[in-house]
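The values are calculated or read from the model by the stated rules, or taken from the named source; none is laboratory data. Just so we're clear, the structure is a prediction, and the values are computed from it rather than from any experiment. In this analysis, Cβ positions are derived from the backbone assuming ideal geometry, glycine residues included, and neighbour counts consider all displayed protein chains. Side chains included, ligands, DNA and RNA excluded: accessible areas come from the protein's heavy atoms. Shrake-Rupley method; radii C 1.70, N 1.55, O 1.52, S 1.80 Å.
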Amino acid sequence: MAVASAYGHGCEALLQGVLSGKPAFGPVSRFDVSARRVGVAATMPGAPSLRSLLTEVIAEACDGEPPENLHLAIHGEPARDHFAGRLFPQARTYTSACVAASQAMADAAASIAHGFVSRAVVAAGYLVEPDQFALFDAGRALAVDEAVRPFSLGRKGILLGDGVAAIVLEAGSTTTREPLGWIRGWGRAGDAYHVVQPRPDGSGLARAISSALRRAGIGPAELGYVNAHGSGSPQSDAAEANALQLSRAGAAPVSSTKSLHGQSLEASALVELIATVLAMGEGQLPPTAGFLEPDPGCAVNLIVDEPLPAKPRYALSLNSAFGGANTALIVGAP
């Protein structure tokens, strides 16, 4: 695995960042935000190049070898054409917003599970830029109190963050490497409810969770951690809490690392999956930042204040996107 975020470059930087419980948000200096309602995001210093960072993390994850069967989650045109067409012409590209990377991961895992390939690379990248920042700000989706407070009473919305990541997947029967973790199950389901709002009862995400559990061959009681989508928006968090209850996964400890490293859109799911694998290996589950007080509409077993010492055998990583797309990935400890 390889990753770059506002916490710095490398898996260790991300792990220590999310375990610190200190959000990486700060004033945006990359472009002018003086006319915006919100002026913060979780950004790397300076003006990093997405092209360079993607190339770097892919090379790092692949030990310098050319990426095989590349599944690339990236923003839509013109970025898609620029990266997929010129930099990685053989890549299969995903532009499905906040589930782009998890869709890519599910497809890569399925291609290996069905024996089509023995190795695949999943990569994703998003750097906070003026157009998307302006759209989310104009849509009043960004948190005006400049903090992400998943599942908390008084939450105001999301905040964006830089994220560039790559993961190498290999068939267990052929790999010669010591595994960092196993992709045990994946599930996908659509709400078909609203353009930008989730189905309030969480039934779409619950179906994705149940599908992933069936594929993994485990019950919800065996989940030892959930890295929730946890965007901090009022509607999304409530629907996700309902989904965890509907799928009977509500007893597992829950946190949202988005409250720390921000919402990286197409790259979020991969950054969060890496954070989940790292936390499982460390035996410390990251806390949720920004919590004020319990929301009666969000009945989840939330980790707050400090990391939770635990060595879960299975963890669940959840993501949802505009258009009612929902994904669930189950990671097994090595």
Some residue of segment 198-207 being surrounded by fewer than 18 Cβ atoms within 10 Å (Cβ to Cβ), touching a residue at least 24 places away in the same chain (Cβ under 8 Å) and more than 20 Å from residue 276 (Cα to Cα): yes
Conditions (1) out of contact with any strand residue (DSSP E or B) (no Cβ under 9 Å at 6 or more places or on another chain); (2) assigned to a strand (DSSP E or B); number of the one not met by residue 140: (2)
Odd one out for residue 268, checked against (1) surrounded by 24 or more Cβ atoms within 10 Å (Cβ to Cβ); (2) under 20 Å from residue 153 (Cβ atoms); (3) touching a Gly at 6+ places or on another chain (Cβ under 9 Å): (2)
Counted residues, segment 314-334 - those being out of contact with any helix residue (DSSP H, G or I) (no Cβ under 7 Å at 6 or more places or on another chain) and either without any contact (Cβ under 8 Å) to a residue 60 or more places away in the chain or open to solvent by 40 Å² or more (accessible area, probe 1.4 Å) (or both): 2
Residue check for residue 221: crowded, with 24+ Cβ neighbours inside 10 Å, of a type in the set (Gly, Ala, Ser) and either under 16 Å from residue 181 (Cβ atoms) or free of Cβ contacts under 8 Å to residues at least 60 places away in the same chain (or both): no
Condition met for residue 274 (part of a helix (DSSP H, G or I), modelled with pLDDT of 95 or more, of a type outside the set (Gly, Ala, Ser) and within 14 Å of the chain's Cα centre (by Cα)): yes
Residue in segment 101-113 that is assigned to a strand (DSSP E or B), within 28 Å of residue 325 (Cβ to Cβ) and not hydrophobic (A, V, I, L, M, F, W, C) present: no
In segment 16-40, the residues that are touching a Gly at 6+ places or on another chain (Cβ under 7 Å), β-branched (Val, Ile, Thr) and in a loop (DSSP other than H, G, I, E, B): 28, 33
